[in-house]
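The values are calculated or read from the model by the stated rules, or taken from the named source; none is laboratory data. Remember, predicted model here, so these are calculated numbers, not experimental data. Neighbour counts run over all protein chains shown; Cβ positions are idealised from the backbone, glycine included. Remember, those area values only see protein heavy atoms, side chains included, never the ligands or the DNA or RNA. Shrake-Rupley method; radii C 1.70, N 1.55, O 1.52, S 1.80 Å.
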Amino acid sequence: MTSKRALVTGITGQDGSYLSEYLLENGYEVHGIIRRTSTFNTDRIDHIYEDPHNQTARLFLHYGDLTDGTTLRRILEEVQPVEIYNLGAQSHVRVSFDSPEYTVDAVGMGTLRLLEAIRDYQYRTGIQVRFYQAGSSEMFGKVVEVPQKETTPFYPRSPYACAKVYAHWQTINYRESYGLFACNGILFNHESPRRGQTFVTRKITHALARIVAGQQKKLYLGNLDAKRDWGYAKDYVKAMWLILQQDEPDDYVIATGETHSIREFLDIAFGYVNLDWQDYVKFDERYLRPAEVDLLIGDPAKARQKLGWEPSIDFRGLVHLMVEADLKALGLLPLARNLAIEDIATVRLAATAQ
Ligand code: NAP
Ligand code: G4F
């Protein structure tokens, strides 16, 4: 048994998978909480999972749910982690308007349940646990300051964002009331080839690959004018770890400091295969939100200075990385790069022949 033992909620998600890889590479034993599902949903972590009967296994999975406090307590007692990363969430902003009660239960109350369990565990055992809360730039919502930093007031605009604000302040409250080593990361949007396919970046790159492959003709999107500060998820999980390695618990904005619209994302993504997105993208109002967050741009100065954290990839690089991954998954790379439109059919044929 190693003393470097971490517990991760949301381990099957985009960030959970990258964080687990990072922790394993750095000698941790990693325990993740997964939900029971009728079909397997561990695709993102299958490559790092090993049969727990093997002596070499260092990744262990436990059934649980942030809406089930008893189980969280039991897992904490069993695992005895020194670091806890609370990444579990119903993380889709649009869906949070459809399922507000569930979203708030998992995101807001779920965090409180975990904090309460840690408080009791720490009091009983005297073992100090370091806690990371996955906060979001959505908390800034209708922004009152540009760029947004740690001291910028919140103005949440969705059930999801309201719940994240609640979780943020409870994390600070437990730090101040009970001396927990509890930290908030306020992370701006971060993406990757593992991003869920209903978030706008991956929806675009996934659809683009299917369009090139001849499997899809149109892509339906909502508001193209919103601007986001998009970074690379692999960089952002390293920031989570750095936040828990500091001498004092604190809160940090993690962002690139650049903002871009959905239109710019479309320009670069479709430009990669020489297509004009306007020929394919159609508007569908079902993807609009009752209240929109128009502009997000973070100031990562504190993270840069105190954590020594820097993003490793720029916006264009991120878009290309995601486009390439989706093209590759359909057997279309390197064939599809910088094509003339009339060559697309040839690429499709070549890919089919491979
Ligand atoms: P994600 O891909 O949607 O993953 C969410 C994870 O939470 C999944 O493992 C999911 O399990 C799990 N989960 C959902 N409901 C749960 C519940 N009731 N109990 C336990 N686990 C539950 O999200 P992500 O992009 O990796 O984001 C990780 C965290 O960072 C989330 O808290 C998100 O809100 C926050 N965040 C994300 C971003 C971003 O841009 N990605 C930015 C700021 C903050 P299933 O696989 O079973 O669904
Ligand atoms: O990709 P999105 O769904 O991400 P959003 O709402 O910014 O939330 C993500 O980032 C947050 C951090 O700021 C996380 F906390 C949260 O968990 C999640 O990971 O939407 C981005 C923008 C929005 O303005 C949306 O209105 O894209 C716009 N959009 C336009 N058409 C669309 C679509 N979004 C989605 N999901 N699908 C569309 O068809």
For the chain, the longest principal axis of the Cα atoms and the Cα long axis of helix 344-353 enclose an angle in degrees, to the nearest 10, of 70 degrees
For the chain, give the percent of accessible area contributed by carbon and sulfur heavy atoms, probe 1.4 Å, rounded to a whole number. 49 percent
Okay, which of the stretch 80-118 sit inside 19 Å, backbone N to the point 7 Å along the Cα-Cβ direction of TYR49? 87-89
Could you order THR125, THR9, THR198 so the one with the most accessible surface comes first? Probe is 1.4 Å. THR198, THR125, THR9
Please list, by residue number, everything in the stretch 114-151 whose backbone N is under 16 Å from a paramagnetic label point 7 Å out along Cα→Cβ of GLN305. 147-151
If we restrict to alpha carbons, what Rg and Dmax does the stretch 202-341 come to, in Å? 17.5, 56
List, largest first, the extents of the alpha carbons of the stretch 1-93 along their principal axes, each in whole Å. 36, 27, 23
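With every protein chain kept in the model, how would you rank VAL82, VAL319 by accessible area, 1.4 Å probe, largest at the top? Let's see the in-between values first.
Numbers: VAL82 45, VAL319 0 Å².
Of VAL82, VAL319, the descending order of accessible area is VAL82, VAL319.
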Within straight-line cross-link reach of LYS218, lysines at Cα separation under 18 Å, skipping those fewer than 8 residues along the same chain: LYS203, LYS282
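So what's the back-of-envelope 222 nm ellipticity for the chain, counting only DSSP H runs of four-plus at -39500 (n - 2.57) apiece and dividing by all residues, rounded to 500? List each step's numbers first, then the result.
Working: 11 runs with 131 residues, N = 354.
It comes out at -11500 deg cm²/dmol, rounded to the nearest 500.
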Output the 0 to 90 degree angle, nearest 10, between the alpha-carbon long axis of helix 262-272 and the longest principal axis computed from the alpha carbons of the chain. 60 degrees
Counting heavy atoms of the protein chains only and a 1.4 Å probe, report the per residue accessible area for the chain as a whole number of Å². 45 Å²
Strictly over 22 Å apart at the Cα level, which of LYS238/LYS306; LYS164/LYS227; LYS234/LYS328; LYS164/LYS306; LYS234/LYS306; LYS142/LYS227 would you flag in this model? LYS164/LYS306
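Output the Kirkwood hydrodynamic radius of the stretch 119-251, Cα pairs only, in Å rounded to one decimal.
Numbers: mean 1/r = 0.0581 Å⁻¹.
The Cα-based Kirkwood calculation yields 17.2 Å.
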Rounded tilt (10° steps) of 14-25 against the dominant C-alpha axis of the chain: 60 degrees
Distance (nanometres) between label positions extended 7 Å along Cα→Cβ at GLU25 and ASP267: 3.2 nm
List every residue whose amide H lies under 5 Å from the amide H of ILE254, counting only residues 5 or more places away in sequence or on a different chain, with H placed 1.01 Å from N in the peptide plane. ILE186, LEU187, PHE188
Among GluC sites (Glu not before Pro) in the stretch 140-240, those in a DSSP loop whose Cβ has at most 15 other Cβ atoms within 10 Å are GLU145, GLU150
Value of Rg/Rh across the stretch 134-210 [Cα atoms, Kirkwood radius]: 1.09
When N is the residue count of the chain, what does its C-alpha Rg come to as a fraction of 2.2 N^0.38 Å? 1.02
